[in-house]
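First up is the structure itself, then whatever we jot down about it.
The values are calculated or read from the model by the stated rules, or taken from the named source; none is laboratory data. Remember, predicted model here, so these are calculated numbers, not experimental data. Cβ sites come from the backbone with ideal geometry, for glycine too, and all protein chains shown count toward neighbours. Accessible surface areas use protein heavy atoms only, side chains included; no ligands, DNA or RNA. Shrake-Rupley method; radii C 1.70, N 1.55, O 1.52, S 1.80 Å.
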Amino acid sequence: MLFSEARGRQVVSTATAETVGVVDGFVVDPSTHSVLSLELRKTHGNESSLRWSNIAAFGTDAVTVGDADKLTEPGEDVEALSGKDHRLVGKRVLSSAGDELGEVSDVDFDPSSGAITALLLGEDEVEGARLVGVGSYSVVVKAR
């Protein structure tokens, strides 16, 4: 599933069948090559965070959680990897050897595990397992 496809998806509580938020962004942990947390817009306007470990399912129509109490303020680990400087889409991609490979146009991830499967660079792609780091200037991936 692509980040662009998942953004805007409703987050629904299985306990109440109520929409408790909307997916607004993704916090990626480069060390694990996976989504650590979802950035959410709550339905009443407050931003919140949903750790991947608290997601019941990431389906084609909605993300489900046990209850709204799974939505929390971001912890220190999430905050350290959040914000404009840590977003992948739109960033240059450099190999660890210093070669520019392109720009991230989208990110493919496994909706069952949150694992980053690929960074899409226009018509090219880089395996998610090659992700090394994300900074304000670029995304760095292991050289081949």
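Would you point out which residue out of Ser112, Ser53 is closer than 27 Å to Ala17 by Cα, open to solvent by 60 Å² or more (accessible area, probe 1.4 Å) and touching a strand residue (DSSP E or B) at 6+ places or on another chain (Cβ under 8 Å)?
Residue meeting the stated conditions: Ser112.
Those residues that are at negative phi, in a loop (DSSP other than H, G, I, E, B), of a type outside the set (Lys, Arg) and touching a strand residue (DSSP E or B) at 6+ places or on another chain (Cβ under 8 Å), I need them from region 3-33; list them, please.
Correct list: Thr14, Glu18, Pro30.
I'm checking my understanding of the structure. Among residues of region 22-40 that are in contact (Cβ under 8 Å) with a residue 12 or more places away in the chain and among the small types (Gly, Ala, Ser), which one is surrounded by the fewest Cβ atoms within 10 Å (Cβ to Cβ)?
Here the residue is Ser34.
Restricting attention to region 111-129, which residues are on the phi < 0 side of the Ramachandran plot and in contact (Cβ under 8 Å) with a residue 24 or more places away in the chain?
Pro111, Ser112, Ser113, Ala115, Ile116, Leu119, Leu120, Leu121, Val126, Gly128, Ala129
Report whether or not Thr32 is hydroxyl-bearing (Ser, Thr, Tyr) and under 17 Å from Val134 (Cβ atoms).
Judged against the criteria, Thr32 is a match.
Output the residues belonging to region 72-109 that are among the hydrophobic types (A, V, I, L, M, F, W, C), surrounded by 12 or more Cβ atoms within 10 Å (Cβ to Cβ) and over 16 Å from the mean Cα position of the chain (by Cα).
Across region 72-109, the qualifying residues are Val93, Leu94, Leu101.
Any idea which of Leu94, Leu40, Leu50, Leu36 is in a strand (DSSP E or B), touching a Gly at 6+ places or on another chain (Cβ under 6 Å) and within 30 Å of Val140 (Cα to Cα)?
Leu40
Go through region 126-137 and report how many residues are under 16 Å from Val89 (Cβ atoms), buried (at least 17 other Cβ atoms within 10 Å of the Cβ) and out of contact with any Pro (no Cβ under 6 Å at 6 or more places or on another chain).
Residues in region 126-137 being under 16 Å from Val89 (Cβ atoms), buried (at least 17 other Cβ atoms within 10 Å of the Cβ) and out of contact with any Pro (no Cβ under 6 Å at 6 or more places or on another chain): 2 in total.
Is region 61-77 home to any residue that is at pLDDT 95 or above and small (Gly, Ala, Ser)?
yes
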